[in-house]
Amino acid sequence: MRNDLIDRVLARRPAYRFEHLKRSQAESLLHNVLALLFPHFVTTPYGRAEALAVSARIEAELTEMLAAVGIQNAAAEKIIDGFFDRLCAVGDCLTQDAQFIADGDPAASSVDEVILAYPGFFAICAHRVAHQLYRAAVPVVPRLIAEYAHERSGCDIHPGARLGCPFFIDHATGIVIGETARIGDRVKVYQGVTLGALSVKKELSDKQRHPTIEEDVIIYANATVLGGETRIGAGSIIGGNVFLTTSVAPNSVVYHTSEVRVRHAEEPEDGIEFHI
């Protein structure tokens, strides 16, 4: 009986092109890259020799993962060389991100606290690493890195999204940023924000489906901005719970107003009751 069941299960399993690619490889790659860029991500301080050893591990991991998705030899070497060439720029940008978050969050006691403990910063780190591989047209691996950050932070950023520098994410939980979103420098995004598409038709996959957010914009909690033609002008403030599918001019303030009504004692119950 059990043998028949196993045979049926195995017979229905779909083909898998990337059978040698493991999620744990993407996690290890990200942590090694962060250990190379920041002393905060290592257990003991290390110098040049240790850094060279970490870089060798990164190269080996990239080589293995690229081979698992069908990229080898000269093509793999070109991607790996380009990845290392851009690491200093990635590290510089992440340092600016951490400082921007520390400067903008009254609860942050230091840049070190942001780097060590802020899920929003971790999500940005993962994205900036994954985005380099996305730009190199590496399949699957960037999404594995992004999904690991999603699991850790609650923040779902597609590796194709373009983030300006510096970038600020507060609390991270519930943030969704789509593949073709374009975000300028010094933008602040709070928890629950969605930068999404108006349409999910497959034939639009090569079009910009997600909004453009210009420089110095603040988007507060649970706001939703949709559409590839939607542009939020520089210096604008998008209030909490706002739902936008049209562009707004630079320096706009968009907010959602709640209705406040004082109920008199003689009025009947209106059926609103909350249980947390």
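Read-outs throughout are calculated quantities, based only on the coordinates presented, and are distinct from any laboratory measurement. Since the model is a prediction, treat every value here as computed from it, not as a measurement. Cβ placement follows ideal geometry from the backbone for every residue including glycine, while neighbour counts extend to all protein chains displayed.
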If you take the charge dipole of segment 174-261 about its Cα centre, with +1 on Lys and Arg Cβ and -1 on Asp and Glu Cβ, which of Gly239, Asn251, Gly192 is farthest toward its positive end? Gly192
Helix 23-37 sits at what angle to the longest principal axis of the chain, using alpha carbons and giving 0 to 90 degrees rounded to 10? 80 degrees
Taking only Cα atoms, what is the 0 to 90° angle, nearest 10, from helix 2-12's long axis to the longest principal axis of the chain? 80 degrees
Could you tell me what percent of the DSSP beta bridges with both partners in the chain are antiparallel, to the nearest 5? 0 percent
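Hey, what did segment 174-261 get for relative contact order, percent, Cα under 8 Å, at least 6 apart? Each step should come with its number before you reach the end.
On the way: 248 pairs, mean separation 21.7, N = 88.
Normalised by residue count, the contact order of segment 174-261 is 25 percent.
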Computed over segment 77-166, Cα set: Rg, Dmax in Å: 13.4, 44
Show me 75-83, 40-48, 208-216 ranked by packing, highest mean number of other Cβ atoms within 10 Å first. 208-216, 75-83, 40-48
In square nanometres, what is the average projected area of the Cα convex hull of the chain? 22.9 nm²
In degrees, nearest ten, helix 141-153 long axis to first principal axis of the chain (Cα): 50 degrees
Square roots of five times the Cα gyration tensor eigenvalues for segment 69-114, Å: 36, 10, 6
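Mind giving me the FRET efficiency for Ala15 and Val42? R0 is 45 Å, r the Cβ-Cβ distance, nearest 0.05 is fine.
On the way: r = 40 Å, r/R0 = 0.89.
It comes to 0.65.
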So for Arg231, Arg17, Arg135, fewest C-beta neighbours within 10 Å to most, what's the order? Arg17, Arg135, Arg231
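Restricting to DSSP H runs of at least four residues, report the calculated mean residue ellipticity at 222 nm for the chain, -39500 (n - 2.57) per run over all residues, nearest 500 deg cm²/dmol.
The per-residue figure over the chain is -14000 deg cm²/dmol.
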With contacts defined as alpha carbon pairs under 8 Å and 6 or more residues apart, what's the relative contact order of the chain in percent? 10 percent
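Can you tally the net charge around Val187? Count Lys and Arg as +1, Asp and Glu as -1, for every other residue whose Cβ sits under 10 Å from the Cβ of Val187. Mind showing how you got there, number by number?
On the way: positive: Arg186, Lys188; negative: Asp185, Glu214, Glu215, Asp216.
In short, -2.
Among Ile237, Ile157, what is the fewest-to-most ranking by other Cβ atoms within 10 Å? Please list the in-between numbers first.
Details: Ile237 18, Ile157 29.
Ordered from fewest to most neighbouring Cβ atoms within 10 Å, Ile237, Ile157 come out as Ile237, Ile157.
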Using every pair of alpha-carbon atoms in segment 174-261, split the distances into 10 Å bins beginning at 0 and state the percent of pairs per bin, rounded to integers. 19, 54, 21, 5, 0
Cα-based Rg/(2.2 N^0.38 Å) for segment 18-154, rounded to two decimals, is 1.06
Report relative contact order for segment 1-153 in percent, whole number only (criteria: Cα-Cα under 8 Å, sequence separation at least 6). 24 percent
Round to the nearest 0.05 the FRET efficiency obtained for Ala249 and Thr95 when R0 = 30 Å and r is the Cβ-Cβ distance. 0.35
Could you state the number of Å between the C-alpha centres of segment 173-245 and segment 39-61? 36 Å
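Order by neighbour count: Asp7, Asp156, Asp206, Asp97, fewest other Cβ atoms within 10 Å first, most last. Walk me through the numbers on the way to the answer.
Details: Asp7 10, Asp156 18, Asp206 7, Asp97 25.
In order of increasing Cβ crowding within 10 Å: Asp206, Asp7, Asp156, Asp97.
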